[in-house]
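Following: one structure in structure tokens, then a few remarks.
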Amino acid sequence: MAGGEEGRSLSALMKVAGMGAITLALYVLLFKNEATVLSVSSQGKWYFIVPIVIAFVFSFFHGDFTGRFWDYLGVKAKK
């Protein structure tokens, strides 16, 4: 596709929707398993890494979703 239409293809929309669905699923899983995450991460030793890993996973998927979302809408940062 030419120019500004590139971000508005059906495949781009499906990628946005897919990443949005993954992000939503991660949030639902986190809130449903909040007690488990808290109990595991408070056990001491190396278990403190659990919330850090969760934060990195969320950062990756939520960031990718947000970037694709704004690209699909055609919003670009000012240079």
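Here is a yes/no grid of residues against (1) of a type in the set (A, V, I, L, M); (2) within 12 Å of the chain's Cα centre (by Cα); (3) outside any helix (DSSP H, G or I):
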{"residue": "29", "(1), (2), (3)": "yes, no, no"}
{"residue": "43", "(1), (2), (3)": "no, no, yes"}
{"residue": "50", "(1), (2), (3)": "yes, no, no"}
{"residue": "56", "(1), (2), (3)": "no, yes, no"}
{"residue": "59", "(1), (2), (3)": "no, yes, no"}
{"residue": "62", "(1), (2), (3)": "no, yes, no"}
{"residue": "70", "(1), (2), (3)": "no, no, no"}
{"residue": "78", "(1), (2), (3)": "no, no, yes"}
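Looking at residue 50, is it of a type in the set (Val, Ile, Thr) and either open to solvent by less than 60 Å² (accessible area, probe 1.4 Å) or at pLDDT 95 or above (or both)? Yes.
Filtered by the rule that a residue be β-branched (Val, Ile, Thr), open to solvent by 70 Å² or more (accessible area, probe 1.4 Å) and at pLDDT 95 or above, the stretch 56-75 gives no residues. Contact map, the stretch 50-79: residues that are closer than 18 Å to residue 30 by Cα paired with residues that are at pLDDT below 95, Cβ distance under 6 Å, separation 6+ or inter-chain. Pairs shown: 50/40; 50/41; 51/41.
Residue check: is residue 35 among the small types (Gly, Ala, Ser), on the phi < 0 side of the Ramachandran plot and surrounded by 10 or more Cβ atoms within 10 Å (Cβ to Cβ)? Show your work before the answer.
Numbers: among the small types (Gly, Ala, Ser): yes; on the phi < 0 side of the Ramachandran plot: yes; surrounded by 10 or more Cβ atoms within 10 Å (Cβ to Cβ): no.
So residue 35 does not fit the description; no.
The values are calculated or read from the model by the stated rules, or taken from the named source; none is laboratory data. Values in this document were obtained by computation on a predicted structure and should not be read as measured data. Cβ atoms come from the backbone with ideal geometry, glycine included; neighbour counts cover every protein chain shown. Accessible surface areas use protein heavy atoms only, side chains included; no ligands, DNA or RNA. Shrake-Rupley method; radii C 1.70, N 1.55, O 1.52, S 1.80 Å.
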